[in-house]
1. Scan the stretch A:61-124 for chymotrypsin sites (Phe, Trp or Tyr not before Pro) in coil per DSSP, keeping those whose Cβ has at most 10 other Cβ atoms within 10 Å, and list them by number.
2. Let me confirm one metric for peptide B:53-62, namely the mean number of other chain beta-carbon atoms within 10 Å of its residues' beta-carbons.
3. Could you work out the helix-only [θ] at 222 nm for chain B, with each DSSP H run of four or more residues adding -39,500 (n - 2.57) and the total divided by the number of residues, to the nearest 500 deg cm²/dmol?
4. Per residue of B:90-102, count partner chain C-beta atoms within 10 Å of its C-beta, then hand back the mean as an integer.
5. For the ranges A:249-255, A:230-236, what's the packing order if you count other beta-carbon atoms within 10 Å of each residue, average per peptide, and put the highest first?
6. Between the stretch B:103-118 and the stretch A:221-238, what is the C-alpha centre distance in whole Å?
7. Run the quick spin-label model on B:Glu339 and B:Arg110: label points 7 Å from Cα toward the beta carbon, then report their separation in nm to one decimal.
8. Sketch the reach of a paramagnetic label on B:Ser288 as a point 7 Å from Cα along Cα-to-Cβ, and name the residues of the stretch B:297-325 whose backbone nitrogen lies under 13 Å away.
Amino acid sequence: MSIALAFLAQTLRIAVPYLFAAAGGVLAERSGIISLTLEGFMLGGAFSAMLGSYYSGNPWVGVLAGIAGGLVLGLVHAVATIRYKADQVVSGIAINLLAVGLTRYFLKLVFDSSSNSPRVAGFSAGTSTTALVAGLLHNPLIPLGLVALPVVAWLMYRTPFGLRVRAVGEHPEAAATVGVSVARVRYIAVALSGALAALGGAYLSLDQHQFTDGMSAGRGFIALAAIIFGRWDPMRAALACLFFAAAETLQIQLQAMQAIPSQFVQMIPYVLTIVALVGVVGRAVPPAALGRE
Amino acid sequence: MTDAGAAAPIVRMTGIAKRFGAVEAIRDAGLEVIPGEIHAIVGENGAGKSTLMRILAGLFPPDAGTVEVAGRDVTGWSASQAIAANVGMVHQHFMLVPPLTITENVILGREPRSGLAIDMARAQREVAEAAERSGFRMNVRACVRDLSVGEQQRVEILKTLVRGARILILDEPTAVLSPPEVQELWRVLRALRASGGTIILITHKLDEVTEISDTITVMRAGRSVARFPTASASAASIARAMVGRDVVLSNDATTRRSPISQTARAGLDVRHLVVAGELRARAVDDVSFSVARGEILGIAGVEGNGQSALIEAIVGLRRATSGEISIGDRDITALSVRERDALGLAHIPEDRHRRGLVLDFSIADNLILGRQREYDRHGTLDRARVLADARAAIERADIRPADPELPARALSGGNQQKIVIARALARETAVLVAAQPTRGVDVGAIEQIHARLRAARDAGTAILLVSAELSEVLALSDRVAVMYGGRIVAIVPRGEASEELLGPLMTGAA
């Protein structure tokens, strides 16, 4: 097993939650709804997936429960921003805070813990170096995560729904005058974004066989950065996710070597993010109706 | 207005009323259109033309009255019902999604499928065929944002035709077109009429009405006040019906003084000006011209050819990349807006809502914007003097209603523009940059605004006039410059300027 292969395998495993969240975020953002909510969707998804697995003993039930949790949070955001025209940034922050609060509350209520859940059934990935690649296939959420953005790309560019998402995100009045229901398209896009981002969260808790408080740890925001870095295009966003994951892998491996002070090493993903956003992207042009009513 | 002629009307609207909040947009408006005609709806801005047509297109229901299409009562129908009944509307602001292709825009909402996906090959074939049938030449794979305004309008028309529109409503379709594009549009509309289509055209340009329409309905203050066949109408009689009184339609420059010689006192001088733009590196590309005091230089051109960047650079809102701007002998290129103002540079901005007025401020406060220091009394505003001066300005400029405390928002477009112009001309001005001075202003106010500009010119102001209305440029200017693609492609004396000469220049064809 070469070092390169180990590096690749670790990068893919780290990338999976980013890929799921970015897949959801691209959909919502292209429909015109800001995706600050990805962090909350992930955390909610991680918790409800753990809960599903805990009560059923089956990680697949956990996956479904995770999706359901994401859908619920997505619909709350959709109702607030579409039906009641709440400010999308404010609603997004509220959703994130709500996810933190709810997961903590139920963690205490159900498991009487303020830090983590008991161990639940999950998807075991091989951890020994020799089993790295086999381990990738052993956790079904990894291949699913890898195809999430290609599937969203197909949806966006090849299907009627995707065309409507793009139209609604750029010029909702134009879509409305040809009989497209702007609200409906956005409801579906935001609900799907909740479900997809929640899958990223489910991956986290099922991979670790438990939920820990705040385990999304900013990954939703990294995914949002990847969307912007990818200029709101699904395939470019996928590359951005892999890039960020590779930076994180590099950081972990360098840290293990202890050659450079760890504080500097830990900065690598964030410095690369800033450099990438400032230098490589240039002026990113968001969907014209993003964040507007 | 019931002289519908032989054929039964295909559209009949009677007793229509609609209010938006406190504003009564239309009351007792009516319309009768017979099949196969081009019907023009004319009226001043705010007369209710667009509102009436949006009701017909199903964008919102009327508060009162009935709408009949082809003998069926369709009052209060929805946009998709209107489309299903073959009524299509081309909006003044295009309803196109710029990053999408022509095909995607046309099929949006009724996409042909194969399985779960869009059958793009079939869609492109069908759109291309429809374009050909309508006599449009276009690459259906092109992105809409890369098209000229005229081409975009053709996509809009195609969109309605593909949806089977037999009654086509066009809202101010020529506002953004160059003269050759207007002729092209007329060709398309005549072809449509020949194939049995019915066209309803909203406009406020009288020459267009007489050129293209068969029947005219005149609206004034939310009512339909007259309906007559175009053949029996003259421009003067239409204008009288629109305004409700006689209007001087001076389109000639005979009233102006003898031409000013080029050696007269220097006014505005622009040398090799380059200004960066959002879309192009050089929105203004090496432009040179000068305007003498006592002269109006008119810049004609289709919008989006660098006029806005040129204006903003001259008045100091945008930095010049290179080149020199001077007033008299004074180089102002590096000066701030306020320093330029102090040198006698006045500005009528092209967008009065964005740059010209604070809509929630009163008329009086708007009149002193930028002049507020002159009303300082021990650190506070001298309200009594502000109001006294406002009353005088209101009377001079004939701003209605004549109440200085009224918010600018409550005024019609024409009266709002009078505030902007009154402020710009409130003192000695060496140079006046007048951008779209009569945009969205009714015929009566246009007359007045033109008179004020001529008076300022005669008093020795150098006026740079930028207007999308070629007729306005021709009516006011002593010399006419044409701007295309960021460059001044020609400057000709008024005597030699004509639509025939300028039209091709405006499209870059000459």
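FYI, it's all coordinate maths here, none of it is from the lab. Everything numeric here is computed off the predicted structure, so don't read it as measured data. Every residue, glycine as well, gets a Cβ built from its backbone with ideal geometry; the counts of neighbours run over all protein chains shown.
1. A:Tyr84
2. The shielding value for this peptide is 1.
3. Numbers: 16 runs with 158 residues, N = 510.
One gets -9000 deg cm²/dmol as the mean residue ellipticity at 222 nm.
4. On the way: counts 0, 3, 0, 3, 2, 7, 4, 13, 4, 8, 6, 0, 0.
Average neighbour count from other chains, rounded to a whole number: 4.
5. Result, highest mean first: A:230-236, A:249-255.
6. Rounded to whole Å, the Cα centres lie 26 Å apart.
7. The two pseudo-label positions are separated by 6.0 nm.
8. Counting only backbone N, you get B:323-325.
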